């Protein structure tokens with residue numbers, strides 16, 4: 001049996017076999033349906049869709065908000081962006097190749113979500129196929145090469161990025177990036193002249209599919225350092241076309257006004273260099289630990305924000321233990337050095353966004369090669385104690401990457417799709433409808449995150465349902481206590497013991513460190529104004545906000561809702577002077593149902 005497995009791993013069909021295995025394990029994603037941004041992307045192709053500051057064409061689907069104060073004011077006043085969105089906000093990403101593919105999907109078969117999921121699965125299978133070829137070129141037709149391909153193909157960390165249709169850009173970027181590496185290696189190792197042109201073109205494809213394509217540059221640089229045996233001048237010259245491709249992308253990015261500003265969820269490394277460096281110190285260990293062993297990088301979202309240091313410490317300890325074993329075995333292995341450096345450098349750009357397993361595709365190329373090299377390398381050169389230590393680390397890696405990962409990949413793919421689709425569908429189905437008189441205002445007292453209500457609005461547009469004339473989301477709550485009181489006929493007070501803006505998505509719209517709200521601040525939004533009455537003990541977040549409306553809260557044009565446990569329910573406005581305490585559930589409970 002062992003000989004047969006070795007034959008599979010070393011045979012010519014190994015790339016095809018791992019690609020087919022990935023397809024089989026990811027079949028549960030076909031029933032995931034539309035989740036989160038998928039509704040907004042489809043909305044962009046609805047005949048009635050108009051949004052200032054939005055996409056400029058089919059190639060520009062990921063432009064959510066241009067750098068346009070008038071567009072921001074329109075979106076905020078109408079409630080399409082939350083009232084706490086800070087002036088100067090921008091959210092636009094250059095992903096034309098992925099955008100054009102989505103445009104084809106939503107213009108030709110807008111309801112065939114199973115087909116869109118199948119497309120994402122096939123792109124990932126192609127990525128695994130070319131990754132297997134890369135490993136065979138670097139490691140030869142060896143068990144290590146086949147094992148690396150297998151580890152990459154069955155890594156359960158990839159479940160989220162494949163399950164989420166709107167995240168296809170990351171898979172497409174990785175596919176082009178791996179093709180660039182294969183072509184570059186053939187050009188440098190075999191003198192294959194087409195590779196000189198194909199590699200930079202593939203790199204352009206990676207970067208114009210999504211920002212994560214920058215990760216391919218990390219591996220090209222690592223290749224020049226550790227694997228290219230030519231003189232230094234020749235190695236530098238070989239990188240110049242890739243540097244030119246990166247420059248083309250960078251100029252297009254800047255001239256197109258792309259980037260993010262205003263929030264804390266995304267960091268601009270060029271404009272916020274100090275913050276980015278600090279983010280790397282905290283986020284890089286979490287991402288590396290998620291790639292190499294545990295805990296998953298997704299735990300960042302669930303970890304208490306004020307206890308991030310403890311998470312980073314845990315991840316550093318994991319990396320110290322696992323990395324020590326790998327270094328002891330592979331410290332003279334140039335391929336291993338290439339995999340390690342490429343993995344680390346490819347993660348640096350991803351530190352500009354909150355960590356999550358969906359950011360680990362490019363890192364998986366190096367991480368899988370490093371783990372496979374360690375598992376198949378000889379440990380005879382080590383002393384007895386070092387062999388025992390390295391053997392224990394190897395056992396842990398086998399457990400995570402070869403035992404648990406292939407079992408968890410279909411489970412996580414199914415559960416992620418089922419959970420997020422169910423979360424979205426429950427919100428859509430339970431939100432009070434706007435049937436009847438026109439000119440109604442929908443007021444959501446509290447929601448579990450900052451984008452769910454907008455997803456509901458996008459779904460309503462897609463199904464041609466009546467929309468509110470104005471939308472107001474007053475707060476998001478994921479912990480502590482929530483008290484809602486009526487100050488007077490037109491004023492509602494909302495008090496959150498843990499403070500406002502605690503849910504992760506709230507930080508997309510406001511960086512509370514840079515743009516704090518103080519007692520007495522008043523934020524006018526259309527016909528409503530939010531007045532900060534009190535803040536948390538540390539002074540960082542508002543704890544009570546009074547919302548002043550232009551009409552009685554009992555006016556029949558006002559439709560009220562609040563999130564309760566797993567869905568929205570109608571909210572009964574209290575009488576003047578009354579205060580009610582509402583049930584608050586964790587984000588995990590809200591999503592999981």
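The values are calculated or read from the model by the stated rules, or taken from the named source; none is laboratory data. None of the values given here were measured: they were computed from a predicted structure. So basically every Cβ, Gly included, is an ideal-geometry build from the backbone, and we count neighbours across all protein chains shown.
Observations on the structure shown:
- The residues of the stretch 518-535 that are surrounded by 17 or more Cβ atoms within 10 Å (Cβ to Cβ), at pLDDT below 95 and either outside the structural domain of residue 497 (by TED's automatic domain parsing) or closer than 14 Å to residue 500 by Cα (or both) amount to a single one, 535.
- Taking the criterion of being more than 20 Å from residue 149 (Cα to Cα) and out of contact with any helix residue (DSSP H, G or I) (no Cβ under 6 Å at 6 or more places or on another chain), the residues of the stretch 390-407 that qualify are 391, 392.
- Filter pass, residue 541 being farther than 16 Å from residue 580 by Cβ and touching a residue at least 12 places away in the same chain (Cβ under 8 Å): yes
- Taking the stretch 58-141 and the helices (runs of 4 or more DSSP H) fully enclosed by it, the elements with 2 or more residues that are under 30 Å from residue 8 (Cβ atoms), in contact (Cβ under 8 Å) with a residue 12 or more places away in the chain and more than 19 Å from the chain's Cα centre (by Cα) are at 113-139.
- Residues of the stretch 163-200 satisfying the condition of being free of Cβ contacts under 8 Å to residues at least 24 places away in the same chain and within 30 Å of residue 117 (Cα to Cα): 183, 198
- Residue match in the stretch 341-352 (condition: part of a helix (DSSP H, G or I) and without any contact (Cβ under 8 Å) to a residue 40 or more places away in the chain): no
- Residue within the stretch 568-582 that is farther than 23 Å from residue 488 by Cα and free of Cβ contacts under 8 Å to residues at least 40 places away in the same chain present: no
- Candidates 74, 135, filtered to the one that is farther than 21 Å from residue 209 by Cβ, at pLDDT 95 or above and in the same structural domain as residue 14 (by TED's automatic domain parsing): 135
- Within the stretch 493-517, considering residues that are touching a strand residue (DSSP E or B) at 6+ places or on another chain (Cβ under 8 Å) and over 21 Å from residue 483 (Cβ atoms), the one surrounded by the fewest Cβ atoms within 10 Å (Cβ to Cβ): 505
- Looking across the stretch 237-268 at every residue that is within 15 Å of residue 96 (Cα to Cα) and touching a residue at least 40 places away in the same chain (Cβ under 8 Å), the one that is surrounded by the fewest Cβ atoms within 10 Å (Cβ to Cβ) is identified as 257.
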